[in-house]
Amino acid sequence: MPDEREFICVTCPVGCSILAKVEGQELIEIRGQACQRGEAFVREELTAPRRMLTTTVRVRGGKLPLVPVRSSAPVPQGLLFALARALRQVELSAPVGDHQPVMLNALDTGIDIVTSRAVEACEGYEEKPGAGT
Ligand code: SF4
């Protein structure tokens, strides 16, 4: 017998509330989505959910100690914890640019991690040769 489940589509800022009848991983019926991407979202949620990763990484010599970073695309949900743990080992050297690559092809996903803002260097800070990520 199908279950009725509610999903909030996170594909765009509208955030449609979608009601779906599902049986296991099979989508039986769907309503509430304002566009076709909502159905694709629910199908992906049922089989291989993904989420955008947002976190911070440390900055050496910056006016801020941390810089926010994000994934360039949604990451398989099962890899979020491992990726966040890998990013805890990263330390960038100031100055840091906006959209600066932090980790390319993170955990072989084909997804990059980039900064979400710039961080200026503290006055007098100079990166030492060989320092950085
Ligand atoms: S169903 Fe379409 S309009 Fe609604 S949140 Fe998803 S992408 Fe946006």
Could you list, in sequence order, all residues of segment 19-47 that are more than 15 Å from Q77 (Cβ to Cβ) and within 7 Å of the ligand (Cβ to nearest atom)? Q33, A34, C35, R37, G38
Flagged in segment 7-29 as farther than 16 Å from M52 by Cα and loosely packed, with under 15 Cβ neighbours inside 10 Å, in numbering order, are V14, S17, L19, E23, G24, Q25, E26, I28, E29
Those residues of segment 74-109 which are small (G, A, S), surrounded by fewer than 17 Cβ atoms within 10 Å (Cβ to Cβ) and over 13 Å from the mean Cα position of the chain (by Cα), in sequence order: A86, G97
Would you call G32 crowded, with 17+ Cβ neighbours inside 10 Å and at positive phi? no
Yes/no for P2 being away from the ligand (no atom under 16 Å from the Cβ) and modelled with pLDDT under 95: yes
From G97, G62, grab the single residue that is of a type in the set (G, A, S) and without any contact (Cβ under 8 Å) to a residue 24 or more places away in the chain. G97
Is one or more of the residues making up segment 18-30 modelled with pLDDT of 95 or more, more than 27 Å from E6 (Cβ to Cβ) and charged (D, E, K, R)? no
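The values are calculated or read from the model by the stated rules, or taken from the named source; none is laboratory data. Treat the numbers as computed from the prediction; the structure is a model and nothing was measured. Cβ atoms come from the backbone with ideal geometry, glycine included; neighbour counts cover every protein chain shown.
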